[in-house]
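Here the structure comes first, spelled out in structure tokens, and everything after it is commentary.
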Amino acid sequence: MELKVLQLGKFHPIKGGVEKVMMAFVRGLSAGNVYCDMLCASADDEVGETRLNSYSKIIKTKTIANKSATMISPDMISKLREICHDYHIIHIHHPDPMATLALLLSDYKGKVVLHWHSDILKQRFLLRLYLPLQRWLVNRADLILGTTPTYVQESPYLKQVQEKVSYLPIGVRERVADDGVIATIRNEYAGKKIVYSMGRLVPYKGYEYLVDAAMMLDDSYVVLIGGSGPLKASLQRRVADLGLSEKVRILGFIPNDLEAAYYAACDVFCLSSTIKTEAYAIVQVEAMSAGKPIIATKIEGSGVSWVNAHGESGLNVAPKNAQAIADAIQTICSSEELYDKLSRGAKKRYLELFTREKMQAGLFEQYRRILAW
């Protein structure tokens with residue numbers, strides 16, 4: 001029997017980590033001749049099916065509103081009812097109230113894998129409304145997958161169902177960059193130790209602490225922050241007000257073809273996130289694939305500091321602490337021996353835990369287990 005899986009939730013085109021994971025599953029499984037489709041809301045007004053290859057397609061439904069970071073797409077309900085019985089497994093990605101409602105109303109009787117990317121933390125009003133639906137989803141799931149053991153063990157919403165909880169680290173392809181592009185970036189900041197960070201410019205990323213940390217670094221350092229988002233203007237003002245225009249650069253959106261080059265060109269990668277909304281941080285894994293030491297934050301209940309093993313692939317520091325970030329940057333960059341150790345450790349940890357191949361093999365094994373194939 002040929003396995004057929006549907007990834008359910010979120011939206012397309014890809015904007016964040018959850019959608020990246022869904023697409024990685026679709027592409028990885030279909031490359032291994034497993035039928036794997038994705039049903040999601042449209043974020044660009046395009047609807048319908050897009051065939052990726054002979055084993056996979058993306059199905060986008062019309063979005064009528066975007067409320068509390070949730071795409072409202074009633075068409076997802078009718079579409080899922082139409083197609084759900086074609087699949088052995090529906091793999092739903094949480095948090096996504098729209099996808100959960102669609103599953104509830106689908107009359108689907110097959111196996112459900114719930115991918116628990118994050119608790120709902122910021123949208124308190126939404127959570128109060130969603131809790132009954134979330135409880136139903138947790139009980140309905142045959143398997144609940146987290147991205148790290150830490151997060152799913154600590155989540156208050158999963159305490160009573162630990163017997164069906166497991167985890168699957170998010171894997172990425174090794175980032176390979178063009179040597180000429182790397183050289184261009186390095187030449188632009190010649191003589192500087194490059195501290196790089198990348199992500200959406202939103203409050204929980206804590207970029208203000210990374211900017212403040214730059215005040216405590218000497219002129220041999222430059223801090224580069226890539227990404228777009230609502231805080232771009234305020235971060236630029238902060239840089240200017242602190243007189244850091246020569247030491248901190250807000251780069252804006254980094255195109256896909258330049259992402260790998262910035263990872264390769266930097267000396268260290270810094271993740272300054274402050275709250276549990278940052279559950280994993282794929283960007284630090286991408287930097288590890290380039291052999292870069294990581295500086296990350298020890299967020300209670302999050303898996304971030306599990307991904308970055310302290311003293312092995314980098315250093316973990318207290319969140320919301322610019323001085324601790326600056327100290328960690330200087331500690332790593334001022335010791336060639338420590339730098340080399342952490343660089344090798346980052347690459348080793350990536351190869352052992354976080355490759356795309358290991359993720360796909362682990363996912364397929366989880367599917368086989370719940371289907372008893």
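What the table below lists for this structure:
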| item | result |
| --- | --- |
| Residue check, G206 more than 19 Å from S289 (Cα to Cα), in contact (Cβ under 8 Å) with a residue 60 or more places away in the chain and buried (at least 16 other Cβ atoms within 10 Å of the Cβ) | yes |
| Residue check for I325: buried (at least 16 other Cβ atoms within 10 Å of the Cβ), in contact with a Cys (Cβ under 7 Å, 6 or more places away or on another chain) and either within 15 Å of V195 (Cα to Cα) or of a type outside the set (G, A, S) (or both) | yes |
| Tabulated pairs, the stretch 11-34, first under 17 Å from M198 (Cα atoms), second part of a helix (DSSP H, G or I), C-beta under 8 angstrom, 6+ apart or interchain | I14/K20; I14/M23; G17/I282; K20/I282 |
| Residue match in the stretch 206-215 (condition: farther than 19 Å from A296 by Cβ and out of contact with any Pro (no Cβ under 8 Å at 6 or more places or on another chain)) | yes |
| Residue selected from the stretch 1-55 under the condition basic (K, R) and not in a loop (DSSP other than H, G, I, E, B), by the criterion nearest to A361 (Cα to Cα) | R27 |
| Selection from the stretch 149-187 of residues that are closer than 30 Å to A264 by Cα, part of a loop (DSSP other than H, G, I, E, B) and not small (G, A, S) | L168, P169, I170, R173, E174, R175, V176, D178 |
| Qualifying residue in the stretch 275-283 (condition: assigned by TED's automatic domain parsing to the domain that holds Y339, under 16 Å from V195 (Cα atoms) and part of a loop (DSSP other than H, G, I, E, B)) | no |
| Verdict on V176 being within 19 Å of L8 (Cβ to Cβ) and either out of contact with any Ser or Thr (no Cβ under 8 Å at 6 or more places or on another chain) or surrounded by 14 or more Cβ atoms within 10 Å (Cβ to Cβ) (or both) | no |
| Any chance A264 is over 22 Å from I182 (Cβ atoms), in the same structural domain as T184 (by TED's automatic domain parsing), part of a helix (DSSP H, G or I) and aliphatic (A, V, I, L, M) | no |
| Residue satisfying condition, being closer than 20 Å to A213 by Cβ and in contact with a Gly (Cβ under 8 Å, 6 or more places away or on another chain), within set K298, K320 | K320 |
| Subset of the stretch 129-183 (residues that are more than 18 Å from P95 (Cβ to Cβ) and acidic (D, E)) | D142, E163, E174, D178, D179 |
| Test: residue in the stretch 343-359 that is closer than 20 Å to Y221 by Cβ and either touching a residue at least 24 places away in the same chain (Cβ under 8 Å) or assigned to a helix (DSSP H, G or I) (or both) | yes |
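Here's the yes/no breakdown for (1) of a type in the set (K, R); (2) over 28 Å from R200 (Cα atoms); (3) at pLDDT 90 or above:
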{"residue": "L8", "(1), (2), (3)": "no, no, yes"}
{"residue": "P13", "(1), (2), (3)": "no, no, no"}
{"residue": "V18", "(1), (2), (3)": "no, no, no"}
{"residue": "V21", "(1), (2), (3)": "no, no, no"}
{"residue": "A24", "(1), (2), (3)": "no, no, no"}
{"residue": "R27", "(1), (2), (3)": "yes, no, no"}
{"residue": "V47", "(1), (2), (3)": "no, no, yes"}
{"residue": "Y55", "(1), (2), (3)": "no, yes, yes"}
{"residue": "I59", "(1), (2), (3)": "no, no, yes"}
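The values are calculated or read from the model by the stated rules, or taken from the named source; none is laboratory data. It should be emphasised that the depicted structure is a prediction, and the values quoted were computed from it without experimental measurement. So basically every Cβ, Gly included, is an ideal-geometry build from the backbone, and we count neighbours across all protein chains shown.
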